[in-house]
Amino acid sequence: RLYQQALEIDESLGDLQGKSATLHEMAYIYTLRGDLEGAMRLYQESLQIQESLGDLQGKASTLTMLGQLLVAQGRGAEGLRMLEEALAIFRRLGMPRETAQVEDILAQARAMVEGTGGQPAAAGPEATPSAASAASLDVPLEALPPELLAALEQALAQAQAEGRELTMEDLPPELRQALEQVAQIVAQLARLAADPQQALVEQVRDAALAVRAGRLNAADLLPQLEDLAARIEAGEPEGSPWREVGQFVRAVIALLKGEEPPPVPERYARAWEEIARPPE
């Protein structure tokens, strides 16, 4: 709701930069909810605006997110190309922190693609009669490339022929590793989707810690935090859980400015303690 209202405001004002940023944030929320297709659609729309504005930094950030989603969907070659383009832009802009982050992401993506052959994802659980039994492994089968899905089906058929349930020990090492990786991603997405406020607080906490450690310039972060707090205050009614997120953000802003911070909601006390602790 908050982001939708912000998007409407951006459009009414003709604020393309703001619209692009809001679309990017909405796409991230879609990703947390597991709606990868919806996230990609919003990222693509944001990317088109960034390209029309010549916003290279925004373009690189969006390409990074799109590249990761494509790799996760089995479209490895396409995803790697986007990540490589993002890396080249960050290098050209002289942004060492972002460059290092994308280098790590690209290395992990390449390892994933090389491990699966970068093949497209399988059609989905309905593609095979025994997929329902395999789904008990708590991973989305559409995330597996065809050759690994075939190996899973073979192991499942063998277990069924022996009159027993399939276990992880029945699977080849490469398939076991792929399933465990997908399960970890799904679990992380589920956790974040279940509590988007906590997810945003953790993002703000990590950014503030980066400032405190000297890895990020406060002057770069503060305008983003001010904008975030203002959007929450303008778009959310009193009593909304997002209001507590806004209070947390305002406290972080005051701390980074060297001012007396306002009270922090009890729910986010632990995250606040991590930030407020004097740097070692």
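Read-outs: derived from the displayed coordinates by stated rules, not from any lab. As the structure is a prediction and not an experimental result, all values here were calculated from the model. Quick reminder, even Gly has a Cβ in these numbers, built from the backbone with ideal geometry, and neighbours come from all protein chains shown.
Within region 208-226, the set of residues being exposed (fewer than 14 other Cβ atoms within 10 Å of the Cβ) and touching a residue at least 24 places away in the same chain (Cβ under 8 Å) comprises Ala213, Arg215, Glu226.
Where residues in region 27-64 are outside any helix (DSSP H, G or I) and of a type outside the set (D, E, K, R), which of them is nearest to Glu98 (Cα to Cα)? This residue is Gly54.
Conditions tested, residue by residue: (1) assigned to a loop (DSSP other than H, G, I, E, B); (2) within 17 Å of Ala276 (Cβ to Cβ).
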| site | (1), (2) |
| --- | --- |
| Leu209 | no, yes |
| Asp227 | no, no |
| Gly239 | yes, no |
| Val252 | no, yes |
| Leu256 | no, yes |
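Looking across region 233-260 at every residue that is touching a Gly at 6+ places or on another chain (Cβ under 9 Å) and either loosely packed, with under 13 Cβ neighbours inside 10 Å or in contact (Cβ under 8 Å) with a residue 60 or more places away in the chain (or both), the one that is farthest from Gln203 (Cα to Cα) is identified as Glu236. Got a sec? Which of Glu274, Glu266, Glu244 is of a type outside the set (A, V, I, L, M, F, W, C), farther than 29 Å from Met95 by Cβ and within 25 Å of the chain's Cα centre (by Cα)? None of the other options fit; the residue is Glu244. Looking at Leu83, Leu87, Leu66, Leu106, just one residue is closer than 18 Å to Leu23 by Cα and either touching a helix residue (DSSP H, G or I) at 6+ places or on another chain (Cβ under 6 Å) or β-branched (Val, Ile, Thr) (or both), and that residue is Leu66.
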